[in-house]
Amino acid sequence: MNKTAQLIGVWCGFGFVFLFFLASWPMSGFMPPPSPMLTGEDLIAKYADNIFMIRAAMPVGLIAGMLVVPFSATMAIQLSRLEGRIPFWSITCVGAGAANAVAFYLPFFLFAGAYYRLDRSPELVQLISDLTWIEFVTVWPPVVMQMLCVAFVSLSYKGPLTIIPRWFGFLSIWMSLLIMPAGLVQFVQSGPFAWNGIISFWIPAISFGSYFLLLTWIMYRAVLNHAAEEEA
């Protein structure tokens, strides 16, 4: 095994969480999400004083999104140890990770376009903002797919390795169920199912964030154990 490369992938997971949080909140101020009820004029007034930091947050967010790819590669390597000769779910995990990378860095492109010109029509700013938040909140399928890859592999494995605990497989299923309601934001503009609501945003965001950090730690332990086994 290449211990160094896999550890780089693991640290990319931690880096993704840190940089995405940095770009989304302290730098751009996009967290918590604005109300869907805000007009274009309201959005311009809300973010006009922070235009420089919004633009500076774009490359940080892009880097954060791409860090998902090497982390997913490490995931796939460890999952393949449990799958054996035909690592179907491991390959699926990498594909879902690539889709996640696009989902996480695309909002920063769109936000950069919305606030690139301060004299832009408020209606266009509102339109781009709507597209960005709907895209960001509703792209749960690749996230759930990656969770289910972990669940399927960990729960179906019957061998001696303890790379991914069985309880984490069950947790992956439950977390995927908590994230799915995010797909309802296009039907409402206020309340718990809006893109800033507790059911469509806060519960999925907290669930995913805590799950991803725990997954990253599990992958870190798995890589170290893998290296120890190879050395033995």
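Where a number appears in this text, it was derived from the coordinates with a stated rule and is not lab data. None of these values were measured; they are calculated from a predicted model. Heads up, the Cβs are rebuilt from the backbone with ideal geometry, glycines too, and the neighbour counts pull from every protein chain shown.
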Most positive-pole-ward Cα, T162, V150, G191, against dipole of the chain from beta carbon charges
T162
Out of these labelled values of Kirkwood radius over Cα pairs in Å, (1) 22.1; (2) 19.4; (3) 18.6, which was calculated from the coordinates shown here?
(3)
Relative contact order for the chain using alpha-carbon pairs under 8 Å, separation at least 6, rounded to a whole percent?
24 percent
Dipole check, the chain, charges on Cβ (K,R +1; D,E -1), about Cα centroid: among Y116, V139, P36 the Cα furthest to the positive pole belongs to V139
Using only alpha carbon positions, build the gyration tensor of the stretch 77-159, then give the equivalent ellipsoid semi-axes as the square roots of 5 times its eigenvalues, largest first, whole angstrom.
39, 11, 6
Quote the FRET efficiency, to the nearest 0.05, computed for S35 versus I91 with a Förster distance R0 of 45 Å and r equal to the Cβ-Cβ distance.
0.65
Give the Rg (one decimal place) followed by the Dmax (whole number) of the stretch 18-141, computed from C-alpha coordinates and expressed in Å.
17.4, 58
Label point distance in nm, A228-W11, each placed 7 Å from Cα along Cα→Cβ:
2.1 nm
Enumerate the calculated ³J(HN,Hα) couplings along the stretch 53-68 in order (Karplus 6.51 cos²θ - 1.76 cosθ + 1.60, θ = phi - 60°), each rounded to whole Hz, writing x wherever the residue is Gly or Pro.
6, 4, 5, 5, 6, 4, x, 5, x, 5, 5, 4, x, 6, 5, 5
Helix-only mean residue ellipticity at 222 nm, the chain, DSSP H runs n ≥ 4 weighted -39,500 (n - 2.57), per residue, nearest 500. What is it?
-24000 deg cm²/dmol
Could you give each residue of the stretch 13-27 its phi-based ³J(HN,Hα) in whole Hz, using Karplus coefficients 6.51, -1.76, 1.60 with θ = phi - 60°, and x for Gly or Pro?
x, 5, x, 4, 4, 5, 5, 5, 5, 4, 6, 7, 10, x, 7
For the stretch 84-219, what is the charge dipole size about the Cα centre, in debye to the nearest 20, if Lys and Arg each add +1 at the Cβ and Asp and Glu each add -1 at the Cβ?
540 debye
Compactness of the stretch 172-232 as Cα Rg over 2.2 N^0.38 Å, two decimals
1.64
Note on the stretch 27-129: contact order normalised by length, alpha-carbon pairs under 8 Å, 6 or more apart, percent, works out to 37 percent
Let me spell out the model: positive unit charges on the Cβ of Lys and Arg, negative unit charges on the Cβ of Asp and Glu, origin at the Cα centre of the chain. What dipole size does that give, in debye rounded to 20?
520 debye
In nm², what is the average projected area of the convex hull enclosing the Cα atoms of the stretch 12-69?
4.2 nm²
Go through A73, S129, L106 and say which Cα lies farthest out towards the positive end of the charge dipole of the stretch 47-147; charges sit on Cβ, +1 for Lys and Arg, -1 for Asp and Glu.
A73
Between the alpha-carbon centers of the stretch 88-103 and the stretch 6-39, tell me the distance in whole angstrom.
20 Å
